Amino acid sequence: MPSLLKRFQFLGATVLSTCFVATTFAEAPVPVESVAPVPEIEIEVQSQLETLQKALDDQDGYEDAREGQIRQSFGLLACLGQALAEHDGASETKIQGPALRDAALKFQRKSSLEEAKAAFEQVKLAANGEATGDHSVDHPWNKLINMHPMMEEMNSRNSALLKVIRRPRGKAEEPVHATTWAILALAMQADTHEVKDDAMLPEWNKFSNEFREASLKLAEAIRNKDAKEARKWFDSANQSCDSCHEVFQ
């Protein structure tokens, strides 16, 4: 894991503009290994590869999906890549985190189908451990996924989580939706552009932390096959979202 001094250097770094000073989170707000086990990141990466393959094979449906699921999947893959880039256990997987992040970020909101497919080919290379070139470990978490696709990706997992919670069986893939929530919460906390008043930053951090912690406890309860506890933390995570939206419209 990067040194404590390095972490404070990044958290204290500032970007100057003509009208304000903004903090750039070059590392996650908390150590990534405390949020996501590597095997669960691997499962989610594979899931997104399958989602993108299907979406990009549908040439006729590309324009409709580009700003929806396709954009969400590339953004999530960028977050997963950065999570692996910073993870203490990165050597446990063949996935090249920094290269995966950079490949996913090649997709842009207005990318053509050909450009999206080219980005996806680079994503697959990184996922298979075959990417080449230089890829820095460091990257700001608030520059991985935009807020709207992030929220849509979070919301899309509610029904799948409810299905798991009804009867958790201890399968490896079952806690992954909750773990993915927790990873996205790192990007959400770093992206403070919705906070128009600096005095409200503590509130933003509070809601982000609450959502992440509830997601982590939800994942743990699912691993333990504790349906009652899982439902408690699922409701807590959603309540933190509702409370946040009441403050930050």
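Enter the accessible area of HIS193 (Å², nearest 10), with the probe set to 1.4 Å and all protein chains included.
90
Which listed residue (PRO202, SER215, ALA28) has the Cα farthest towards the positive end of the charge dipole for the chain, taking +1 on Lys and Arg C-beta and -1 on Asp and Glu C-beta about the Cα centre?
Working it through, the farthest residue towards the positive pole turns out to be SER215.
Given charges of +1 on the Cβ of Lys and Arg and -1 on the Cβ of Asp and Glu, with all other atoms neutral, how large is the dipole of the range 45-107 about its Cα centre, in debye to the nearest 20?
The calculated dipole for the range 45-107 is roughly 180 debye.
Over 22 Å, how big is the tail of the calculated P(r) for the range 43-182, in percent of all Cα pairs?
37
Strictly over 28 Å apart at the Cα level, which of LYS94/LYS228; LYS171/LYS228; LYS54/LYS94; LYS54/LYS171 would you flag in this model?
LYS94/LYS228
Rolling a 1.4 angstrom probe over the protein heavy atoms, how many square angstrom per residue are accessible across the range 54-184?
Counting only protein heavy atoms, the per-residue value for the range 54-184 is 47 Å².
Using θ = phi - 60° and the Karplus curve 6.51 cos²θ - 1.76 cosθ + 1.60, what whole-Hz ³J(HN,Hα) does each residue of the range 67-78 get, with Gly and Pro shown as x?
Using θ = phi - 60°, the values come out as 8, x, 4, 5, 5, 4, 5, 5, x, 5, 4, 4 Hz.
Between GLU33 and THR132, 0.36 nm times their residue separation minus their Cα-Cα distance comes to what?
Contour length minus the Cα-Cα distance gives 33.1 nm.
With r defined as the distance between the Cβ atoms of ASN155 and ASP57 and R0 fixed at 25 Å, what FRET efficiency is calculated, to the nearest 0.05?
So, using R0 = 25 Å, E works out to roughly 0.50.
Figure the gain on full extension for GLU50 and LYS143 (residue separation times 0.36 nm, minus the Cα-Cα span) and round it to one decimal in nm.
31.1 nm
Identify, among MET147, LEU84, ALA127, the residue whose Cα sits farthest towards the positive end of the charge dipole of the range 36-187, taking +1 on the Cβ of Lys and Arg and -1 on the Cβ of Asp and Glu, with the dipole about the Cα centre.
Toward the positive end, the furthest listed residue is MET147.
To the nearest 20 Debye, how big is the dipole of the range 147-192 about its Cα centre, given +1 on the beta carbon of each Lys and Arg and -1 on that of each Asp and Glu?
420
Would you work out the charge dipole size for the chain about its Cα centre, treating the Cβ of every Lys and Arg as +1 and the Cβ of every Asp and Glu as -1, and quote it to the nearest 20 debye?
Using Cβ point charges on Lys, Arg, Asp and Glu, the chain gives about 580 debye.
Roughly how much of ASP191 is accessible, in Å² to the nearest 10, using a 1.4 Å probe?
For ASP191, solvent-accessible area is about 20 Å².
Leaving ligands, DNA and RNA out of it, report the carbon-plus-sulfur percent of the accessible area of the chain at a 1.4 Å probe.
50
The values are calculated or read from the model by the stated rules, or taken from the named source; none is laboratory data. The model shown is predicted, which means the values in this text are computed figures rather than measured ones. Because the Cβ atoms are built from the backbone with ideal geometry, glycine has one as well, and the counts that use them run over all protein chains shown. We work out accessible area using only protein heavy atoms, side chains counted, and drop any ligands, DNA or RNA first. Shrake-Rupley method; radii C 1.70, N 1.55, O 1.52, S 1.80 Å.
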